[in-house]
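**Student:** Handing you this structure, nothing more for now.
The values are calculated or read from the model by the stated rules, or taken from the named source; none is laboratory data. Just so you know, these numbers come straight off a predicted model, no measurement behind them. Backbone-built Cβ (ideal geometry, glycine too); neighbour counts: all protein chains shown. When the accessible area is computed, the model is the full protein with side chains, heavy atoms only, and any ligands, DNA or RNA have been set aside. Shrake-Rupley method; radii C 1.70, N 1.55, O 1.52, S 1.80 Å.
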Amino acid sequence: MNIQIKIDKNIEEDNMILTIKEMTPEYSRLISQLQNASFKLIGIKDNKKYYLEYKEIVKIHSVDKKIYALKETSETFLLSETLKELYAKLPNNFLRISNSEIINADKIISFEFTFGGKLKIFLNSDDATYSSRGYLQKIKEYFGI
């Protein structure tokens, strides 16, 4: 892959051109992230809204059709976006591991393969979670295994 960056202080608006052989899910996600670069994650706790920094989030998961973010401090915040919307906007270190969960790969301590073809993932919040088999290939690709 060849990457070229040209800085021109005389332009009125930033412009980006990607020349790619074909559109892949990875390119689609990259484009979505660039378009949503100013996205701020806002969580609700005790009827107050809080700005959540990505680096503090361990995982985002669904419980009873509601979406929650778990921070390293074990605090949980209600989110208003769907998991699909969040995944498109979150940085690349966030991995979709099942239909109901996204994790911050930077918060993984270790993982092990289970007998049923799933991945047991240990997070730095003293939490463990499981991937679904449908997402296993993308997780392997992320870690190069």
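**Student:** Could you sort out which of 66/107; 66/138; 59/140 sit more than 20 Å apart by Cα distance in this structure? Can you show the working numbers first?
**Tutor:** On the way: 66/107 22 Å; 66/138 25 Å; 59/140 18 Å.
66/107; 66/138, as the Cα separations exceed 20 Å there.
**Student:** Between 105, 69, 128, where does the largest GNM mean-square fluctuation fall for the chain, given springs only between Cα atoms within less than 10 Å?
**Tutor:** In this elastic network of the chain, the residue with the biggest mean-square fluctuation among 105, 69, 128 is 128.
**Student:** OK, next. Any chance you could give the angle, 0 to 90 degrees and rounded to 10, that helix 25-35 forms with the longest Cα principal axis of the chain?
**Tutor:** The answer is roughly 70 degrees.
**Student:** Over the chain, what is the mean sequence separation of C-alpha contacts under 8 Å (at least six apart), divided by residue count, expressed as relative contact order in percent?
**Tutor:** Numbers: 183 pairs, mean separation 21.7, N = 145.
Result for the chain is 15 percent.
**Student:** Could I ask something else about it? At q = 0.12, 0.17, 0.19, 0.22 Å⁻¹, what is the log10 ratio I(q)/I(0) for region 1-120, with the Debye formula run over Cα points and no solvent?
**Tutor:** Computed log10 I(q)/I(0) values: -0.58, -0.97, -1.10, -1.29.
**Student:** Let me ask something else. First compute the accessible area of the chain with a 1.4 Å probe, then give the percent of it belonging to carbon and sulfur atoms. If you can, show how the numbers build up before the last one.
**Tutor:** Numbers: 5180 of 10400 Å².
On the chain, the fraction of accessible area on carbon and sulfur atoms equals 50 percent.
**Student:** Right, something else. Total Lys pairs in region 1-56 closer than 21 Å by alpha-carbon, pairs eight or more apart in sequence or interchain only?
**Tutor:** Details: 40/48; 40/49; 40/55; 45/55.
Qualifying lysine pairs in region 1-56: 4.
**Student:** Of the GluC sites (Glu not before Pro) in region 39-126, which ones lie in a loop per DSSP and count no more than 12 other C-beta atoms within 10 Å? Let's see the in-between values first.
**Tutor:** On the way: sites: 53, 56, 72, 75, 81, 85, 101, 112; in loops: 53, 72, 75, 81.
Here the sparse-neighbourhood loop sites are 53.
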